[in-house]
Amino acid sequence: MSQDILTITEAASFQIKDMMKEHGETGAYLRVAIQGGGCSGLSYGMGFDHEVKEGDVEFEQHGIKILVDKESAPALKGTKIDYKQSMLGGGFTIDNPNAIASCGCGSSFRTAANAGTPEEC
């Protein structure tokens, strides 16, 4: 079940490992979460964590230990996190099949089951 929540591509995993090294977070967990906010109601959160909290789903991909809280898991199911490099730099892309509406910046969305807390853009 945990592997169904989200997939991190190899390109994204290289970037995450580089960031871990750069910030002295080697061995940390990557926490992926959904938060209220953004112009469409929900936004993504990604960061490093050293603590597994009660109810967290824990799994590993490409040597990265990943944590997702139980509230975020349903809205993330089937999500793919990739990293794209371009002439203007690079950035993570998040493809979430549960998003029924998203904003122009691509960092805010809502699902059929969760409208979140929309804010002004």
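The values are calculated or read from the model by the stated rules, or taken from the named source; none is laboratory data. Just so it is clear, the structure is predicted and the values come from calculations on it, not from any experiment. All Cβ positions, even for glycine, are placed from backbone atoms using ideal geometry, and neighbour counts span all protein chains on display.
Residue-by-condition table, conditions (1) modelled with pLDDT under 90; (2) closer than 18 Å to T9 by Cβ:
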| site | (1), (2) |
| --- | --- |
| G47 | no, no |
| E54 | no, no |
| E58 | no, no |
| K65 | no, yes |
| P74 | no, no |
| Y83 | no, yes |
| G91 | yes, yes |
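None of A12, A33 is under 14 Å from the mean Cα position of the chain (by Cα) and in a helix (DSSP H, G or I) except A12. Residues that are within 18 Å of T93 (Cβ to Cβ) and among the small types (G, A, S) within the range 13-68 comprise S13, A33, G38, S40, S43, G45, G47, listed in sequence order. Candidates are the residues of the range 63-80 that are out of contact with any Ser or Thr (no Cβ under 7 Å at 6 or more places or on another chain) and part of a strand (DSSP E or B); the one that is surrounded by the fewest Cβ atoms within 10 Å (Cβ to Cβ) is K65.
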